[in-house]
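*Asks:* Sharing a structure with you now.
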Amino acid sequence: MDIIRTAIGLMSGTSMDGIDVALIRTDGRGFIERGPFMGVPYEADFRGRLKRALELARPLTDRNGRPVELRDIERELTRRHAIAVTAFLERFGLAANAVDVLGFHGQTVLHRPDEGLTIQIGDGQELARQTGISVVYDMRANDMVHGGQGAPLVPAYHAALAGKLQQAGQAVCFVNIGGISNLTFIGTDGRISAFDSGPGNTLIDQWVEMQTGRTYDPGGEIAGRGKVVAALAQRYLESPFFRGNVRRSLDRGDFAPLHQGEASLEDGARTLAHVAAASIVKSAGFLPETPSTYIVCGGGRLNATLMAEFSAMAEALGSKVLTAEQAGFDGDAMEAEAWAYLAVRSLDGLPLTFPGTTGVSSPVSGGMFARP
């Protein structure tokens, strides 16, 4: 009989806006019982330190290398995750000993799949010590050892969630619009394909912050007042990333931000929302079949301008677009839930990645385990 475990997932994504904390009960297979979710935002000073971490990591060639300043940031990141776990347990009346495992993503500071190099800061052993809960962490590395891109890892969870829709004969595609967007496709035959699809919120966030000091475009309101600058959109959409049959995972820095003066605030935001939407559709052209339904999760689903662009493009190709909530899920919690699910799979030695998701040579498990 498969063991059902209680797991908490912790996600700090490429948008670097905070920690997502979510609890599920699962056997790491088909049984999933979703629990509470909580978001813990970072304040501006710490977001600035995480941006500094990206600079510090850029010259590294050893994934275990930590210059002194980067080690300090890692220590602070770990401490904040421990505080987030404690606050989550208190808010929802849970005891630490009622949780079997934490799935700890950490913060990606460098991702160079073509070099077999990925670095996530965050000390799993120290997190276990501070919380008193076992931790599974560093879940990308083993995939890369076996020839994979190290991303995306969420598809195993998407495939489990898609069960009922797939049984109804639909080809389903989950779209996660985070800092980078990624797709998970579950075909009518159950086959899984997954890959990063292009820039998501990162370019929009960078542009809005450069122009206004605000960290994002709430609801896509700024973009909604602008128009698409075709030449700028074309510059992004003609990237070599969208050509060729080999899909690859992206680093936050793979698409350069707009420069000051290239567009007005509104036109820049609208152009980048258009690019985020068109990137999904262009990349979906590499899928085995056109999805019947797209299910959109991640922060980008809250950008009404981006979603209107994407919906119009997808519907023109005969696909329906739903938000995660319209499909019965929680679009804010999904990535953190996925990390909890992957932690349980790791404990049981089950595959986290597959040839169709990361390009790994065969299905492999992964993750490091730390006891309190």
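*Asks:* So if the hydrodynamic radius of segment 76-161 is defined as the Kirkwood radius over C-alpha pairs, what does Stokes-Einstein give as its diffusion coefficient at 37 °C and 0.692 mPa s, in µm² per second?
*Replies:* The diffusion coefficient I find is 230 µm²/s.
*Asks:* Pairs on different chains or at least eight residues apart, Cα atoms closer than 26 Å: how many lysine pairs in the chain fit?
*Replies:* For the chain, qualifying lysine pairs total 4.
*Asks:* When ranked by the protection proxy of mean other Cβ atoms within 10 Å per residue, highest first, what sequence do the peptides 338-348, 207-217 form?
*Replies:* My ranking of the peptides, most packed first, is 338-348, 207-217.
*Asks:* Quick one: accessible surface of K282, probe radius 1.4 Å, all protein chains present, in square angstrom to the nearest 10.
*Replies:* 90
*Asks:* Per the Debye formula with a single identical scatterer at each Cα and no solvent contribution, what log10 I(q)/I(0) holds for the chain at q = 0.06, 0.11, 0.13 Å⁻¹?
*Replies:* -0.20, -0.72, -1.04
*Asks:* Could you size up the charge dipole of segment 144-219 around its Cα centre, putting +1 on the beta carbon of Lys and Arg and -1 on that of Asp and Glu, and report it in debye to the nearest 20?
*Replies:* Dipole magnitude for segment 144-219 comes out near 240 debye.
*Asks:* Identify, among P113, Q211, P41, the residue whose Cα sits farthest towards the positive end of the charge dipole of the chain, taking +1 on the Cβ of Lys and Arg and -1 on the Cβ of Asp and Glu, with the dipole about the Cα centre.
*Replies:* The Cα lying farthest towards the positive end belongs to P113.
*Asks:* Can you tell me what percent of all Cα-Cα pairs in segment 102-234 are more than 27 Å apart?
*Replies:* 41
*Asks:* Determine Rg/Rh for segment 1-44; Rg is computed over alpha-carbon atoms and Rh is the Kirkwood hydrodynamic estimate from the same atoms.
*Replies:* 1.12
*Asks:* Send over the semi-axes of segment 1-105's equivalent ellipsoid, whole angstrom and largest first, taken as the square roots of 5 times the C-alpha gyration tensor eigenvalues.
*Replies:* Semi-axes, largest first: 30, 16, 12 Å.
*Asks:* Hey, got the dipole for segment 169-258? About the Cα centre, +1 on K and R Cβ, -1 on D and E Cβ, debye to the nearest 20?
*Replies:* It comes to approximately 200 debye.
*Asks:* On to the next question. Where the centre of each part is set by its Cα atoms, how far does segment 209-239 sit from segment 33-65, in angstrom?
*Replies:* Comparing the Cα centres of segment 209-239 and segment 33-65, I get a distance of 24 Å.
*Asks:* How many percent of the alpha carbon pairs in segment 200-311 exceed a separation of 24 Å?
*Replies:* Of all Cα-Cα distances in segment 200-311, 22 percent exceed 24 Å.
*Asks:* With N set to the number of residues, divide the alpha-carbon radius of gyration of segment 231-372 by 2.2 N^0.38 Å and report two decimals.
*Replies:* Normalised by 2.2 N^0.38 Å, the Cα Rg of segment 231-372 equals 1.24.
*Asks:* What is the percent of Cα-Cα separations in segment 253-337 that go past 14 Å?
*Replies:* Across segment 253-337, Cα pairs with separations above 14 Å total 68 percent.
*Asks:* Find the centroid of the Cα atoms in segment 268-313 and in segment 317-371, then give the distance between the two in whole Å.
*Replies:* 20
*Asks:* Once you have all Cα-Cα distances for segment 289-372, histogram them in 5 Å bins from zero and send the whole-percent values.
*Replies:* Taking all Cα pairs of segment 289-372, the binned fractions are 3, 13, 15, 16, 16, 16, 12, 6, 2, 1, 0 percent.
*Asks:* Could I ask something else about it? Based on the mean of other beta carbon atoms within 10 Å per residue, what is the order of 60-71, 10-21, most packed first?
*Replies:* Answer by packing, highest mean first, reads 10-21, 60-71.
*Asks:* Still on this structure, I have one more. If the only charges are +1 at each Lys and Arg Cβ and -1 at each Asp and Glu Cβ, what is the size of the charge dipole of the chain around the Cα centre, to the nearest 20 debye?
*Replies:* The dipole magnitude comes to about 280 debye.
The values are calculated or read from the model by the stated rules, or taken from the named source; none is laboratory data. Here the structure is a predicted model, which means the values were calculated and not measured. Note that we place each Cβ from the backbone using ideal geometry, even for glycine, and neighbour counts take in every protein chain shown. Calculation scope for accessible area: heavy atoms of the full protein, side chains included, ligands and nucleic acids excluded. Shrake-Rupley method; radii C 1.70, N 1.55, O 1.52, S 1.80 Å.
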